Amino acid sequence: MPDPSFVFAQSLSGLTAAMFLFLIASGLSLIFGVLRVLNFAHGTFYMLGAYVAYQAMLWLGPGPGMFWIAALGAALTIALLGGLVERLLFRHLYGKEELYQLLFTYALGHVAKIFWGTQQKSVSRPPGLTGSFSFLGATIPQYNLFVILLGPAIALAFWFVLQRTRVGRFIRAAALDRETLGALGTNVDALYTGVFMLASFLGGLGGALVSPMRATVPGMDTEVIVEAFVVVVIGGLGSLWGTFLGALIYGQVLSFGILFFPRFSIFAVFALMAAVLIVRPWGLLGRPLR
(Lines give C-alpha, C1' and ligand atoms only; values in the text may rest on other atoms or scores of the structure.)
Protein backbone atom coordinates (compact mmCIF):
# COMPACT_ATOMS: atom_id res chain seq x y z
CA MET A 1 0.00 0.00 0.00
CA PRO A 2 1.59 3.33 -1.04
CA ASP A 3 2.34 5.90 1.63
CA PRO A 4 -0.54 8.46 1.87
CA SER A 5 1.87 11.40 1.70
CA PHE A 6 3.37 9.98 -1.49
CA VAL A 7 -0.09 9.50 -3.00
CA PHE A 8 -0.94 13.11 -2.11
CA ALA A 9 2.28 14.34 -3.71
CA GLN A 10 1.50 12.29 -6.82
CA SER A 11 -1.97 13.81 -6.98
CA LEU A 12 -0.50 17.33 -6.78
CA SER A 13 1.92 16.45 -9.56
CA GLY A 14 -1.00 15.37 -11.73
CA LEU A 15 -2.87 18.55 -10.80
CA THR A 16 0.07 20.71 -11.88
CA ALA A 17 0.24 18.94 -15.24
CA ALA A 18 -3.53 19.30 -15.58
CA MET A 19 -3.44 23.08 -15.13
CA PHE A 20 -0.74 23.47 -17.76
CA LEU A 21 -2.80 21.34 -20.12
CA PHE A 22 -5.92 23.35 -19.37
CA LEU A 23 -4.19 26.57 -20.41
CA ILE A 24 -3.31 25.05 -23.75
CA ALA A 25 -6.42 22.94 -24.35
CA SER A 26 -8.83 25.79 -23.47
CA GLY A 27 -7.54 27.81 -26.42
CA LEU A 28 -7.81 24.78 -28.69
CA SER A 29 -11.37 24.14 -27.52
CA LEU A 30 -12.31 27.81 -27.93
CA ILE A 31 -11.18 27.87 -31.56
CA PHE A 32 -13.12 24.71 -32.32
CA GLY A 33 -16.21 25.97 -30.51
CA VAL A 34 -16.31 29.22 -32.50
CA LEU A 35 -14.51 28.56 -35.79
CA ARG A 36 -15.32 24.82 -36.01
CA VAL A 37 -11.76 23.97 -37.02
CA LEU A 38 -9.10 21.90 -35.29
CA ASN A 39 -6.10 24.21 -34.98
CA PHE A 40 -3.10 21.91 -35.37
CA ALA A 41 -0.80 24.94 -35.06
CA HIS A 42 -1.85 25.53 -31.46
CA GLY A 43 0.92 23.32 -30.10
CA THR A 44 3.42 25.33 -32.12
CA PHE A 45 2.22 28.55 -30.48
CA TYR A 46 2.82 26.86 -27.12
CA MET A 47 6.37 25.97 -28.15
CA LEU A 48 7.06 29.44 -29.53
CA GLY A 49 5.76 30.93 -26.26
CA ALA A 50 8.44 28.99 -24.37
CA TYR A 51 11.14 30.09 -26.81
CA VAL A 52 10.10 33.75 -26.73
CA ALA A 53 10.06 33.69 -22.91
CA TYR A 54 13.59 32.23 -22.98
CA GLN A 55 14.76 34.93 -25.41
CA ALA A 56 13.12 37.67 -23.34
CA MET A 57 14.92 36.46 -20.22
CA LEU A 58 18.24 36.65 -22.09
CA TRP A 59 17.51 40.27 -22.96
CA LEU A 60 16.06 41.31 -19.61
CA GLY A 61 18.45 39.38 -17.38
CA PRO A 62 17.68 38.03 -13.89
CA GLY A 63 15.90 40.22 -11.42
CA PRO A 64 12.66 40.67 -9.50
CA GLY A 65 9.68 40.66 -11.82
CA MET A 66 11.68 39.96 -14.97
CA PHE A 67 10.25 36.48 -15.44
CA TRP A 68 6.67 37.76 -15.25
CA ILE A 69 7.44 40.50 -17.77
CA ALA A 70 9.01 37.89 -20.05
CA ALA A 71 6.06 35.49 -19.67
CA LEU A 72 3.44 38.16 -20.31
CA GLY A 73 5.47 39.60 -23.19
CA ALA A 74 5.80 36.13 -24.71
CA ALA A 75 2.04 35.51 -24.45
CA LEU A 76 1.24 38.89 -26.05
CA THR A 77 3.79 38.29 -28.80
CA ILE A 78 2.24 34.92 -29.61
CA ALA A 79 -1.23 36.52 -29.57
CA LEU A 80 -0.09 39.06 -32.17
CA LEU A 81 1.57 36.31 -34.19
CA GLY A 82 -1.63 34.28 -34.00
CA GLY A 83 -3.65 37.24 -35.27
CA LEU A 84 -1.31 37.74 -38.23
CA VAL A 85 -1.24 34.03 -39.01
CA GLU A 86 -5.04 33.77 -38.91
CA ARG A 87 -5.61 36.93 -40.94
CA LEU A 88 -2.98 36.35 -43.64
CA LEU A 89 -2.58 32.59 -43.87
CA PHE A 90 -4.73 30.32 -41.72
CA ARG A 91 -8.01 31.82 -42.90
CA HIS A 92 -7.39 30.40 -46.38
CA LEU A 93 -7.19 26.88 -44.92
CA TYR A 94 -10.65 26.85 -43.33
CA GLY A 95 -12.79 24.14 -44.85
CA LYS A 96 -9.85 22.42 -46.53
CA GLU A 97 -8.27 19.09 -45.72
CA GLU A 98 -6.50 18.79 -42.38
CA LEU A 99 -3.30 17.82 -44.23
CA TYR A 100 -2.80 21.44 -45.29
CA GLN A 101 -3.03 22.56 -41.67
CA LEU A 102 -0.52 19.88 -40.62
CA LEU A 103 1.95 21.01 -43.29
CA PHE A 104 1.47 24.62 -42.20
CA THR A 105 2.10 23.64 -38.58
CA TYR A 106 5.31 21.87 -39.58
CA ALA A 107 6.48 25.03 -41.35
CA LEU A 108 5.86 27.13 -38.22
CA GLY A 109 7.76 24.64 -36.07
CA HIS A 110 10.71 24.79 -38.45
CA VAL A 111 10.99 28.52 -37.78
CA ALA A 112 11.91 27.77 -34.14
CA LYS A 113 14.83 25.59 -35.27
CA ILE A 114 16.12 28.39 -37.50
CA PHE A 115 16.13 31.00 -34.72
CA TRP A 116 17.04 28.90 -31.66
CA GLY A 117 18.63 25.73 -33.01
CA THR A 118 18.02 22.24 -31.68
CA GLN A 119 19.75 22.48 -28.28
CA GLN A 120 17.71 22.45 -25.07
CA LYS A 121 16.88 25.85 -23.55
CA SER A 122 15.95 26.45 -19.93
CA VAL A 123 14.62 29.28 -17.78
CA SER A 124 15.11 29.66 -14.03
CA ARG A 125 12.10 29.78 -11.73
CA PRO A 126 11.07 33.31 -10.75
CA PRO A 127 12.47 34.73 -7.48
CA GLY A 128 10.03 34.16 -4.64
CA LEU A 129 8.79 30.88 -6.08
CA THR A 130 12.02 28.90 -6.03
CA GLY A 131 11.45 27.21 -2.67
CA SER A 132 9.06 24.59 -1.37
CA PHE A 133 7.07 23.78 1.76
CA SER A 134 5.69 20.67 3.45
CA PHE A 135 1.99 19.87 3.68
CA LEU A 136 0.47 16.57 4.85
CA GLY A 137 3.90 15.00 4.63
CA ALA A 138 4.44 16.02 0.99
CA THR A 139 6.95 18.54 -0.30
CA ILE A 140 5.21 21.06 -2.56
CA PRO A 141 7.26 23.42 -4.78
CA GLN A 142 5.95 26.96 -4.54
CA TYR A 143 5.91 27.38 -8.32
CA ASN A 144 3.75 24.26 -8.69
CA LEU A 145 1.26 25.68 -6.21
CA PHE A 146 1.16 28.92 -8.19
CA VAL A 147 0.31 26.98 -11.37
CA ILE A 148 -2.36 24.94 -9.55
CA LEU A 149 -4.06 28.13 -8.36
CA LEU A 150 -3.64 29.91 -11.69
CA GLY A 151 -5.65 27.30 -13.62
CA PRO A 152 -8.98 27.80 -11.80
CA ALA A 153 -8.44 31.58 -11.77
CA ILE A 154 -8.10 31.65 -15.56
CA ALA A 155 -11.07 29.31 -15.94
CA LEU A 156 -13.26 31.65 -13.87
CA ALA A 157 -12.01 34.73 -15.74
CA PHE A 158 -12.67 32.95 -19.03
CA TRP A 159 -16.19 32.01 -17.90
CA PHE A 160 -16.91 35.59 -16.80
CA VAL A 161 -15.83 37.02 -20.14
CA LEU A 162 -17.92 34.51 -22.11
CA GLN A 163 -21.04 34.72 -19.96
CA ARG A 164 -21.11 38.25 -18.51
CA THR A 165 -19.62 40.56 -21.16
CA ARG A 166 -20.79 41.91 -24.50
CA VAL A 167 -17.80 40.42 -26.31
CA GLY A 168 -18.57 37.06 -24.75
CA ARG A 169 -22.13 37.19 -26.05
CA PHE A 170 -20.82 37.89 -29.55
CA ILE A 171 -18.43 34.94 -29.28
CA ARG A 172 -21.20 32.59 -28.18
CA ALA A 173 -23.49 33.91 -30.91
CA ALA A 174 -20.79 33.35 -33.55
CA ALA A 175 -20.45 29.76 -32.37
CA LEU A 176 -24.19 29.21 -32.84
CA ASP A 177 -25.02 31.15 -36.02
CA ARG A 178 -22.35 33.13 -37.85
CA GLU A 179 -24.62 34.19 -40.73
CA THR A 180 -27.27 35.75 -38.51
CA LEU A 181 -24.64 37.56 -36.43
CA GLY A 182 -23.10 38.99 -39.59
CA ALA A 183 -26.51 40.07 -40.88
CA LEU A 184 -26.97 42.08 -37.66
CA GLY A 185 -23.92 44.17 -38.53
CA THR A 186 -21.19 42.42 -36.53
CA ASN A 187 -17.76 42.10 -38.16
CA VAL A 188 -17.52 38.34 -37.85
CA ASP A 189 -14.10 38.13 -39.53
CA ALA A 190 -12.62 40.50 -36.94
CA LEU A 191 -14.33 38.53 -34.19
CA TYR A 192 -12.77 35.31 -35.50
CA THR A 193 -9.34 36.94 -35.53
CA GLY A 194 -9.87 38.11 -31.95
CA VAL A 195 -10.85 34.61 -30.84
CA PHE A 196 -7.79 33.19 -32.58
CA MET A 197 -5.57 35.77 -30.81
CA LEU A 198 -7.09 34.94 -27.43
CA ALA A 199 -6.50 31.23 -27.97
CA SER A 200 -2.94 31.93 -29.14
CA PHE A 201 -2.37 34.05 -26.01
CA LEU A 202 -3.37 31.12 -23.81
CA GLY A 203 -1.12 28.76 -25.74
CA GLY A 204 1.82 31.14 -25.54
CA LEU A 205 1.22 31.76 -21.84
CA GLY A 206 1.20 28.02 -21.19
CA GLY A 207 4.53 27.65 -23.01
CA ALA A 208 6.09 30.57 -21.14
CA LEU A 209 4.97 29.28 -17.74
CA VAL A 210 6.15 25.73 -18.42
CA SER A 211 9.66 26.89 -19.42
CA PRO A 212 11.00 26.89 -15.82
CA MET A 213 9.80 23.30 -15.34
CA ARG A 214 10.59 21.61 -18.64
CA ALA A 215 13.36 21.96 -21.17
CA THR A 216 12.38 23.93 -24.27
CA VAL A 217 13.20 21.84 -27.33
CA PRO A 218 11.93 21.47 -30.90
CA GLY A 219 9.22 18.86 -31.04
CA MET A 220 7.59 19.77 -27.72
CA ASP A 221 4.67 21.10 -29.76
CA THR A 222 3.84 17.66 -31.14
CA GLU A 223 3.71 16.09 -27.69
CA VAL A 224 1.51 18.76 -26.16
CA ILE A 225 -0.97 18.95 -29.05
CA VAL A 226 -1.68 15.24 -28.70
CA GLU A 227 -2.27 15.68 -24.95
CA ALA A 228 -4.48 18.71 -25.57
CA PHE A 229 -6.59 16.82 -28.11
CA VAL A 230 -7.08 14.00 -25.62
CA VAL A 231 -8.20 16.54 -23.00
CA VAL A 232 -10.76 18.26 -25.23
CA VAL A 233 -12.08 14.95 -26.55
CA ILE A 234 -12.63 13.69 -23.00
CA GLY A 235 -14.20 16.93 -21.78
CA GLY A 236 -16.06 17.89 -24.94
CA LEU A 237 -14.93 20.05 -27.85
CA GLY A 238 -16.06 23.63 -27.38
CA SER A 239 -16.88 23.27 -23.67
CA LEU A 240 -14.83 25.41 -21.25
CA TRP A 241 -15.69 23.44 -18.12
CA GLY A 242 -15.48 20.22 -20.08
CA THR A 243 -11.90 21.12 -20.98
CA PHE A 244 -11.17 21.88 -17.31
CA LEU A 245 -12.67 18.55 -16.23
CA GLY A 246 -10.85 16.71 -19.01
CA ALA A 247 -7.52 18.22 -17.94
CA LEU A 248 -8.12 17.19 -14.31
CA ILE A 249 -8.97 13.63 -15.33
CA TYR A 250 -6.04 13.39 -17.72
CA GLY A 251 -3.55 14.65 -15.13
CA GLN A 252 -4.71 12.27 -12.42
CA VAL A 253 -4.97 9.21 -14.67
CA LEU A 254 -1.50 9.82 -16.08
CA SER A 255 0.02 10.58 -12.67
CA PHE A 256 -1.40 7.52 -10.91
CA GLY A 257 -0.91 5.39 -14.00
CA ILE A 258 2.81 6.10 -13.74
CA LEU A 259 2.64 5.21 -10.04
CA PHE A 260 0.76 1.92 -10.32
CA PHE A 261 1.23 0.86 -13.97
CA PRO A 262 4.41 2.59 -15.20
CA ARG A 263 4.52 0.61 -18.45
CA PHE A 264 0.88 1.26 -19.31
CA SER A 265 0.33 4.82 -18.05
CA ILE A 266 -0.07 6.31 -21.55
CA PHE A 267 -2.28 3.39 -22.56
CA ALA A 268 -4.55 4.13 -19.58
CA VAL A 269 -5.14 7.68 -20.83
CA PHE A 270 -6.05 6.58 -24.34
CA ALA A 271 -8.18 3.75 -22.99
CA LEU A 272 -10.09 6.33 -20.95
CA MET A 273 -10.57 8.49 -24.05
CA ALA A 274 -11.86 5.48 -25.99
CA ALA A 275 -14.31 4.65 -23.20
CA VAL A 276 -15.61 8.24 -23.18
CA LEU A 277 -16.04 8.20 -26.97
CA ILE A 278 -18.02 4.96 -26.76
CA VAL A 279 -20.37 6.24 -24.05
CA ARG A 280 -20.53 9.94 -25.00
CA PRO A 281 -18.96 10.63 -28.42
CA TRP A 282 -19.32 14.40 -27.82
CA GLY A 283 -17.39 14.32 -24.51
CA LEU A 284 -18.35 14.44 -20.85
CA LEU A 285 -19.68 18.02 -20.89
CA GLY A 286 -19.88 18.63 -24.62
CA ARG A 287 -22.95 18.79 -26.81
CA PRO A 288 -23.72 16.77 -29.93
CA LEU A 289 -22.98 18.69 -33.14
CA ARG A 290 -26.00 19.35 -35.34
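The values are calculated or read from the model by the stated rules, or taken from the named source; none is laboratory data. Since the model is a prediction, treat every value here as computed from it, not as a measurement. Every residue, glycine as well, gets a Cβ built from its backbone with ideal geometry; the counts of neighbours run over all protein chains shown. Areas reflect the complete protein model, heavy atoms only, side chains present, ligands, DNA and RNA absent. Shrake-Rupley method; radii C 1.70, N 1.55, O 1.52, S 1.80 Å.
Taking the stretch 163-192 as the search range and keeping residues that are polar (S, T, N, Q) and part of a loop (DSSP other than H, G, I, E, B), which one is nearest to the chain's Cα centre (by Cα)? Please lay out each step first, then the result.
Step one: filter the stretch 163-192 for residues polar (S, T, N, Q), giving 163, 165, 180, 186-187.
Going one step further and asking which of them are part of a loop (DSSP other than H, G, I, E, B), we end up with 165, 186-187.
Numbers: THR165: 23, THR186: 28, ASN187: 27 Å.
Checking each candidate, the answer is THR165.
Please identify the pairs in which a residue from the stretch 252-266 that is open to solvent by less than 40 Å² (accessible area, probe 1.4 Å) has its Cβ atom under 9 Å from the Cβ atom of a residue that is modelled with pLDDT under 75, counting only partners at least 6 apart or on another chain.
Hits for this filter: LEU254/SER265; LEU254/ILE266; SER255/SER265; GLY257/PHE264; GLY257/SER265; GLY257/ILE266; SER265/ILE258; SER265/LEU259.
Kindly provide the set of residues from the stretch 159-192 that are modelled with pLDDT under 90 and of a type in the set (Phe, Trp, Tyr), ordered by number.
Selection gives PHE170, TYR192.
Out of (1) open to solvent by 70 Å² or more (accessible area, probe 1.4 Å); (2) among the aliphatic types (A, V, I, L, M); (3) not in a helix (DSSP H, G or I), the odd one out for LEU156 is which?
(3)
Take the residues in the stretch 37-54 that are in a helix (DSSP H, G or I) and of a type in the set (A, V, I, L, M), then tell me which one is surrounded by the most Cβ atoms within 10 Å (Cβ to Cβ).
Of the stretch 37-54, the ones in a helix (DSSP H, G or I) are 42-54.
Filter again for of a type in the set (A, V, I, L, M), leaving 47-48, 50, 52-53.
Numbers: MET47: 27, LEU48: 29, ALA50: 32, VAL52: 27, ALA53: 30.
This residue is ALA50.
Restricting attention to the stretch 129-176, report how many residues are over 24 Å from LEU21 (Cα atoms), small (Gly, Ala, Ser) and touching a residue at least 60 places away in the same chain (Cβ under 8 Å).
2
When you check GLY185 against the structure, is it open to solvent by 20 Å² or more (accessible area, probe 1.4 Å) and either touching a Cys at 6+ places or on another chain (Cβ under 9 Å) or on the phi > 0 side of the Ramachandran plot (or both), yes or no?
Answer is yes for this residue.
Answer yes if at least one residue in the stretch 15-36 is open to solvent by 40 Å² or more (accessible area, probe 1.4 Å) and modelled with pLDDT under 85, and no otherwise. Steps first, answer last, please.
Restricting attention to the stretch 15-36, the residues satisfying the condition of being open to solvent by 40 Å² or more (accessible area, probe 1.4 Å) are 15, 36.
Now restrict to residues that are modelled with pLDDT under 85: 36.
Looking for residues that are open to solvent by 40 Å² or more (accessible area, probe 1.4 Å) and modelled with pLDDT under 85, one finds at least one in the stretch 15-36, hence yes.
Here are PHE229, PHE201: which of them is farther than 21 Å from LEU156 by Cβ and either open to solvent by less than 50 Å² (accessible area, probe 1.4 Å) or modelled with pLDDT of 90 or more (or both)? Break it down into steps so the answer makes sense when it comes.
Details: PHE201 fails: farther than 21 Å from LEU156 by Cβ.
None of the others qualify; the one that does is PHE229.
Quick check on the stretch 204-214: of everything there that is open to solvent by less than 50 Å² (accessible area, probe 1.4 Å) and part of a loop (DSSP other than H, G, I, E, B), which residue is nearest to VAL52 (Cα to Cα)? Give the steps one after another, and end with the answer.
The first filter runs over the stretch 204-214 and keeps only residues open to solvent by less than 50 Å² (accessible area, probe 1.4 Å), leaving 204-212.
Now drop any that are not part of a loop (DSSP other than H, G, I, E, B), which leaves 211-212.
On the way: SER211: 10, PRO212: 13 Å.
Here the residue is SER211.
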